[in-house]
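Structure first, then comments.
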Amino acid sequence: MIYLELIIIFLLGLSFGSFANVCSLRLPLDKSILFNSHCPSCASSIKPYDNIPLISYLLLKGVSRCCKKKISLQYPVIELVSALLLILIFLKLGIQFETIFLFAFLLCLLIIFVSDLKFFIIPNEITYSLVILGILSTIFDFNPFKTGVYESLIAGSFAFFTFFLISKLFLYIKKKEGLGFGDVKIIGAIGIWVGIESTLIVIIYSSFLGILLGSMMIMCRKIEKGDYLPYGCFIAASVFIVTYQTIWLNFNLFNFILESI
Ligand SMILES: [Zn+2]
């Protein structure tokens, strides 16, 4: 019986992954997420049977039916990641409201990761959805990180205003934008979800990842010094790590450091 449940959840995860693809590619360009899919190469409309998550990609062998162009690997990868996420959450939390909230949270971060990487934009629609869902999750006690209402408001405002100050300081000193307003808003939204401690850990991890990958890319001449990096991607990746550590491993960085001293 559990196998049947897992198959249904996997298919559900694939469909949400397909929706995440649509959001991450259309919202940054201010396109509607409701109209039918078109081929990005020749713009002819895609038939529903060629638009089945993962399966169509495999049947078409990664080549579009209309113009025989390669279909971006992003589609099946995001669909698969989304399906695996939903299965992992289901196996940990079972079927309950927390499962739905945690999946919505991580799906939004997946969308942010892709749209910031591709367009250097974090869509407002996703940020505001995260804020609203985050507040609802604490009010109704469905928050997967066990964050209470007051803590969530304090953590959210603290993260937002700290990043706002940093971005203004950077602009004032360097005379150019180092931290976009999208990054400022998203760290505030994440604060609402994960609480004070985990927000601090997300900031530490994302700064570390940014410095590490940034310097590696400068060394490999992939980017120039002073080029803009999609910081939203590092935030999203760090939230994934912190979520895994708190919900699956019960690991807390600060406790770990305190115990090691
Ligand atoms: Zn085409």
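The values are calculated or read from the model by the stated rules, or taken from the named source; none is laboratory data. Bear in mind the structure is a predicted one, so any value in this text is a computation, not a measurement. We place every Cβ from the backbone using ideal geometry, glycine too, and count neighbours over all the protein chains shown. Each accessible area value is taken on the protein alone, full model and side chains, heavy atoms only, with ligands, DNA and RNA left out. Shrake-Rupley method; radii C 1.70, N 1.55, O 1.52, S 1.80 Å.
Looking across the stretch 236-261, the residues that are in contact (Cβ under 8 Å) with a residue 60 or more places away in the chain and open to solvent by less than 40 Å² (accessible area, probe 1.4 Å) come down to ALA236, ALA237, VAL239, THR243, ILE247.
Residue pairs whose Cβ atoms lie under 8 Å apart, separated by 6 or more positions or on different chains, with the first residue in the stretch 66-78 and open to solvent by less than 100 Å² (accessible area, probe 1.4 Å) and the second β-branched (Val, Ile, Thr) and in a strand (DSSP E or B), are ILE71/VAL63. The residues of the stretch 138-176 that are open to solvent by less than 60 Å² (accessible area, probe 1.4 Å) and farther than 25 Å from LEU249 by Cα, listed by number, are SER157, PHE160, THR162, PHE163, SER167.
Only residues that are more than 13 Å from GLY13 (Cα to Cα) and either touching a residue at least 40 places away in the same chain (Cβ under 8 Å) or surrounded by 14 or more Cβ atoms within 10 Å (Cβ to Cβ) (or both) were counted in the stretch 79-95, giving 2.
Total residues in the stretch 192-209 satisfying the condition of being free of Cβ contacts under 8 Å to residues at least 40 places away in the same chain and open to solvent by less than 10 Å² (accessible area, probe 1.4 Å): the figure is 1. Per the conditions (1) under 30 Å from ILE186 (Cα atoms); (2) open to solvent by less than 70 Å² (accessible area, probe 1.4 Å); (3) outside any helix (DSSP H, G or I); (4) within 16 Å of the ligand (Cβ to nearest atom), the sole criterion not satisfied by PRO53 is (4). Under the condition of being away from the ligand (no atom under 14 Å from the Cβ) and part of a loop (DSSP other than H, G, I, E, B), the residues counted in the stretch 63-75 number 1.
Among the residues that make up the stretch 76-83, is at least one of them within 28 Å of CYS233 (Cβ to Cβ), within 16 Å of the ligand (Cβ to nearest atom) and not assigned by TED's automatic domain parsing to the domain that holds ASN143? No; the residues of the stretch 76-83 include none that is within 28 Å of CYS233 (Cβ to Cβ), within 16 Å of the ligand (Cβ to nearest atom) and not assigned by TED's automatic domain parsing to the domain that holds ASN143. Name the residue that is farthest from LEU106 (Cα to Cα), counting only residues in the stretch 28-40 that are within 12 Å of the ligand (Cβ to nearest atom) and open to solvent by less than 70 Å² (accessible area, probe 1.4 Å). In this case the residue turns out to be CYS39. Would you call VAL114 open to solvent by less than 70 Å² (accessible area, probe 1.4 Å), in the same structural domain as GLY188 (by TED's automatic domain parsing) and part of a helix (DSSP H, G or I)? It is true that VAL114 is open to solvent by less than 70 Å² (accessible area, probe 1.4 Å), in the same structural domain as GLY188 (by TED's automatic domain parsing) and part of a helix (DSSP H, G or I). Give LEU213, LEU171, LEU229 a once-over and let me know the one that is modelled with pLDDT under 85, under 27 Å from LYS118 (Cβ atoms), in contact with a Leu (Cβ under 9 Å, 6 or more places away or on another chain) and in a helix (DSSP H, G or I). Answer to the selection: LEU171. Taken together, LEU200, LEU130, LEU171 contain a single residue that is farther than 21 Å from PHE240 by Cα and not charged (D, E, K, R), which is LEU171.
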